[in-house]
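S.K.: Got a structure here, written out as structure tokens. Questions coming.
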Amino acid sequence: MGHRHRQARGASDVVPLMLDELVALRRQTVEHPFASIKHLILGNARLLMRHTSGARAEFSLAVMAYNLKRAFNMKGAAWMHQALRG
């Protein structure tokens, strides 16, 4: 019985290490767009809306502006104009 418990305890020690690596990868993935939105779109300012729903709406607009800017830079003006015309 003791042998099984040692194996289970050893396996449970590995899981937090894997989670730490996943959290670090997630932070790296999210950090660049979030920093770009904060500095370029919001001008390194705080959100103007103070309640959760207002702040969520304000940040959603900033994310939409960021995505449109990225699409424009990647696809070009002609593509963007065609996409907006439908």
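S.K.: Does anything in region 57-86 have its amide N under 17 Å from the 7 Å Cα→Cβ label point of THR29, and if so which residues?
M.R.: Those under the cut-off are none; the list is empty.
S.K.: In region 23-39, which residues have a backbone nitrogen under 19 Å from the label point lying 7 Å from MET64's Cα in the Cα-to-Cβ direction?
M.R.: The answer is 34, 37-38.
Coordinate-derived values only; no laboratory data. If you're wondering where the values come from, they're calculated on a predicted model, not measured in any experiment. All Cβ positions, even for glycine, are placed from backbone atoms using ideal geometry, and neighbour counts span all protein chains on display.
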